[in-house]
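Peer 1: Supplied in structure tokens, the structure appears directly below.
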Amino acid sequence: MIVAVILSAGESSRMGRPKALLPVDGETFIGRIVGALARTRVGKIIVVLGHDAERLKRRLEYLAVAFLVNADYMSGQLSSLQTAVRRLQSDRECDGMLVHLVDHPYISSTLVDTMIERFYESNKLIVVPHYQGKRGHPVIFSRALFAELLNAPPDQGAKAVVNAHRDETLEIETDDAGIAVDIDTPELYRRHVKGE
């Protein structure tokens, strides 16, 4: 089983309001992401919260997800990833985790299913989508990498693990530009969501 992990713990300081709750296509960023993931082969969906976690949890309790709270979210994104890894280490059904960021709302259910299928076919440790020369999100990490993720250097984060396993990484070419659309400022929100 692949478990989807959505990282949504940061302060959204550059955006000025919680990215999880930003409107897109008649729903919120996180609602759109969860909806897309719910239509895939992922076995569970976990959302990692941090800043203002209790208020966000109340706003999002309608979602069919499990919430984890990263008390150490100020340490950066890696700490949220590690919060999820610690939970999943004890889940024997979990073969790997599909990591997605809350500021990437344009996620494709079809692409996710292709990534999961290729993960099992290829036996690679990492699966990452690739669009016009750029890697994007989501990324699948095999459970074989969980210990390395827990010991990754804070200044490099998961990139250190990805770089250490170039030969065991499968890149999936896609024409889905959404994998590389990272919306973390009001300017990017206006450009990508409002089309300004």
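Derivation of every value follows stated rules applied to the coordinates shown; laboratory data play no part. All values derive from a computational prediction rather than experimental measurement.
Peer 1: Helix-derived [θ] at 222 nm for the chain: sum -39500 (n - 2.57) over DSSP H runs of at least 4, divide by residue count, nearest 500?
Peer 2: Working: 7 runs with 64 residues, N = 196.
Mean residue ellipticity at 222 nm (helix-derived): -9500 deg cm²/dmol.
Peer 1: Next question, about the same structure. For region 99-158, what Kirkwood radius comes out of the mean inverse Cα-Cα distance, in Å? The partial results should precede the final answer.
Peer 2: Numbers: mean 1/r = 0.0783 Å⁻¹.
For region 99-158, the Kirkwood estimate is 12.8 Å.
Peer 1: Normalised by the number of residues in the chain, what is the relative contact order in percent for Cα pairs under 8 Å and 6+ residues apart?
Peer 2: Values: 351 pairs, mean separation 47.5, N = 196.
Value for the chain: 24 percent.
Peer 1: Same structure, new question: Give me the percent of Cα-Cα pairs in the chain that sit more than 25 Å apart, rounded to a whole number.
Peer 2: On the way: 5919 of 19110 pairs.
Summing the P(r) tail past 25 Å for the chain gives 31 percent.
Peer 1: Please list the non-local residues whose amide H lies under 5 Å from the amide H of VAL5, H modeled 1.01 Å from N, same-chain partners needing a gap of 5 or more.
Peer 2: The list, which skips near neighbours in sequence, is ILE46, LEU98, VAL99, HIS100.
Peer 1: Rounded to two decimals, what ratio of Rg to Rh does region 126-196 give with C-alpha atoms and a Kirkwood Rh?
Peer 2: Numbers: Rg = 14.7 Å, Rh = 13.8 Å.
We get a ratio of 1.06 for region 126-196.
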